[in-house]
Amino acid sequence: MECYFAPMEGITGYVYRNAHHKFYGNVAMYFTPFLAPNRSKKLTSRETNDILPEHNQGIRLVPQFLTNQAEDFLWAAKKAGELGYKEVNLNLGCPSGTVVSKYRGSGFLAIPEELDRFLERVSTELEKTGMRFSVKTRIGKNSPEEFGRLLGIFNQYPLERLIIHPRLQTDFYRNRPNLELFGEAVKVFGNRACYNGDIFSKKDFISFHERFPDAEAVMMGRGLLRNPALAEEIAEEEGEPGRESLSGAELQRLKSFHREVLEGYREAIPGDRNVLFKMKELWTYLGERFAGQERLLKKIKKARRMEEYEEAVEGIFEEAGLWI
Ligand SMILES: Cc1cc2nc3c(=O)[nH]c(=O)nc-3n(C[C@H](O)[C@H](O)[C@H](O)COP(=O)(O)O)c2cc1C
């Protein structure tokens, strides 16, 4: 089964993505955090940088767009086509209030007729260009009962794949993914249905795989941020499921990976403050594997200067090394 890296706004941009690709394997496809094309017909420089081919060498990448305007989606898809991309993805999952109130992301699910018209226009136009498109969706805005109708709509169009994070917009990240409804999607979409949600360990993956042995791909976000080697561990025949502690070699690799991300951000982002902001966000995930090191994790969180940050990180890796 293939593993995809989920799009994570603010985190999995090209700096993180390149570092991950350099140090860790078995991710068949990465998706960009959402880009939000609008009437201005311009992407921001951050968005442009994220999809430039020279920033994504050797990486299989799908640009993701967040919009409810077919016109803007098509413009962005054309732009992506010019850069050599063959697939673009529509974000119907983002649960954030400011996005949803504009009927974008999972807010778009609340107006299925408009969504249907959008998909019709987009698929007709894209067909002429040969560009493929896929959708990443939740199961509804307010109720799981919305999903049947949504599936019917999606099924009218030649989606390359339908990635389902089976929660509602109103769940945000609470409650459990609704595997039953994912099963309904599999009945309709077969192996074009791709699962996403709460796969944090090899053990989680195995139980998903037992229930859906024919699924061809899973997408993982937070699990890979917490353990960047998760997709590799999943591919290993051997290995203990749910292994959480780091071996010496793994710790060394994580350290090199961390260095690469840090250096990448320092090159790409002006000002240590902004770099620190990014790194701290990363540690909210990485830190979960360093239980018992709360004092140093707090030091990372509180670091105001780069030296303080680096000292705390050095301390974490050193202490973790002592425990092996
Ligand atoms: C901080 C953060 C940023 C996210 N940004 C995006 C995004 O830009 N596009 C998207 O489709 N999903 C985004 N997501 C959702 C993830 O791609 C994924 O669907 C979600 O985290 C559930 O998968 P997981 O349990 O494997 O993490 C984001 C999630 C988080 C926590």
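Worth pointing out:
- Residue-wise HN-Hα coupling along region 302-316, computed from phi with Karplus coefficients 6.51, -1.76, 1.60 (Hz; x: Gly, Pro): 8, 4, 10, 10, 4, 5, 4, 4, 4, 5, 5, 5, 4, x, 4
- Amide H contacts of G140 (H built 1.01 Å from N, under 5 Å, at least 5 apart or other chain): Q169
- The fraction of all Cα pairs in the chain landing in successive 20 Å bins from 0 to the largest distance is 31, 58, 11, given as whole percents.
- For the chain, size of Cβ-based charge dipole, Lys and Arg +1, Asp and Glu -1, in debye: 1020
- Note, ³J(HN,Hα) from phi for region 72-88, Karplus 6.51, -1.76, 1.60, rounded to Hz, x at Gly and Pro: 6, 4, 5, 4, 5, 5, 5, 4, 4, x, 5, 7, x, 6, 10, 9, 10
- Derived scalar couplings ³J(HN,Hα) [region 167-182; Karplus, 6.51 cos²θ - 1.76 cosθ + 1.60; whole Hz; x for Gly, Pro]: 10, 8, 4, 5, 6, 6, 10, 7, 6, 9, x, 8, 5, 4, 5, 4
- For M219, the residues whose modelled amide H falls within less than 5 Å of its own, excluding neighbours fewer than 5 places apart on the same chain, are Y4, Y195, N196, G197.
- Of all lysines in the structure, those lying under 18 Å Cα to Cα from K86, and not within fewer than 8 positions of it along the same chain, are K78, K128, K136.
- Counted by Cβ distance under 15 Å from K301, the other residues give a net charge of +3, where Lys and Arg count +1 and Asp and Glu count -1.
- 5 angstrom amide H check on L35, placed H, neighbours 5+ away: Q64, F65, L66
- Of all lysines in the structure, those lying under 19 Å Cα to Cα from K141, and not within fewer than 8 positions of it along the same chain, are K102.
- Accessible area of region 76-191 divided out per residue, in Å², using a probe of 1.4 angstrom: 46
- For region 48-69 versus region 300-318, the spacing of their alpha-carbon centroids is 32 Å.
- CD proxy at 222 nm, helix term only [per DSSP H run n ≥ 4: -39500 (n - 2.57); per residue of the chain; nearest 500]: -14500 deg cm²/dmol
- Once the C-beta distance of K280 and A110 is scaled by a Förster radius of 25 Å, the resulting FRET efficiency is 0.15 to the nearest 0.05.
- Put a plus charge on the Cβ of each Lys and Arg, a minus charge on the Cβ of each Asp and Glu, and nothing anywhere else: the dipole of region 1-95 about its Cα centre is then about 160 debye.
- Rg to Rh, two decimals, where region 248-322 supplies the alpha carbon set and Rh follows Kirkwood: 0.94
- In region 272-306, the trypsin sites (Lys or Arg not before Pro) that fall in loop regions by DSSP, at most 14 other Cβ within 10 Å: R304, R305
- Non-local Lys pairs in region 248-322, i.e. 8 or more apart or on different chains, that have alpha carbons under 13 Å apart: 5
- Share of carbon and sulfur in the accessible area of the chain stands at 48%, probe radius 1.4 Å.
- Charge-dipole axis of region 177-324 as Lys and Arg at +1 and Asp and Glu at -1 on Cβ define it, positive-most pick from G271, G223, C194: G271
- Here A291 and L179 are evaluated by their C-beta separation; at R0 = 30 Å the FRET efficiency comes out at 0.60.
The values are calculated or read from the model by the stated rules, or taken from the named source; none is laboratory data. Note that this is a predicted model, so its numbers are computed, not measured. Note that we place each Cβ from the backbone using ideal geometry, even for glycine, and neighbour counts take in every protein chain shown. When the accessible area is computed, the model is the full protein with side chains, heavy atoms only, and any ligands, DNA or RNA have been set aside. Shrake-Rupley method; radii C 1.70, N 1.55, O 1.52, S 1.80 Å.
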